[in-house]
Amino acid sequence: MSITKERKTEVIQEYRRSEADTGSPDVQIAVTTARINALTEHLKGHMKDHASRRGLLMLVARRRRLLDYMKEHHTAKYYELIEKLKLRK
């Protein structure tokens, strides 16, 4: 249901700004997106798991707030990130 430690490390290495970066908005959005995708797959098979559904909604709201911050303060990086993560259709 949750992402593995290895998958989280891969995502962090792909989206980090510097060698020691683990908490920039880019990384937080990417890790949250990976968790959202994993939970979405879980909920396809377990439709009555309402606790996980609530967790998913909370993650989506957190990602939305982070994306709003990125759009306000780092507009170019925002558009780059949503293109890379394929968040918009």
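The values are calculated or read from the model by the stated rules, or taken from the named source; none is laboratory data. Worth saying up front: this structure is predicted, and the values here are computed from it rather than measured. Cβ: placed from backbone, ideal geometry, glycine included. Neighbour counts: every protein chain shown.
The figures follow:
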quantity: The stretch 17-45, residues that are part of a helix (DSSP H, G or I) and among the hydrophobic types (A, V, I, L, M, F, W, C); calculated: Val27, Ile29, Ala30, Val31, Ala34, Ile36, Ala38, Leu39, Leu43
quantity: Test result for Asp21, within 20 Å of Leu81 (Cβ to Cβ), of a type outside the set (Phe, Trp, Tyr) and in contact (Cβ under 8 Å) with a residue 40 or more places away in the chain; calculated: no
quantity: Selected residue (only one of Lys48, Lys71 is outside any helix (DSSP H, G or I) and modelled with pLDDT of 95 or more); calculated: Lys48
quantity: Complete set of residues in the stretch 70-83 that are surrounded by 14 or more Cβ atoms within 10 Å (Cβ to Cβ) and either in contact (Cβ under 8 Å) with a residue 12 or more places away in the chain or out of contact with any helix residue (DSSP H, G or I) (no Cβ under 8 Å at 6 or more places or on another chain) (or both); calculated: Met70, His74, Lys77, Leu81, Ile82
quantity: Residues of the stretch 58-69 classified as closer than 12 Å to Asp26 by Cα and surrounded by 15 or more Cβ atoms within 10 Å (Cβ to Cβ), total; calculated: 3
quantity: Residues (loosely packed, with under 15 Cβ neighbours inside 10 Å and under 13 Å from Arg7 (Cα atoms)) located in the stretch 20-56; calculated: Asn37
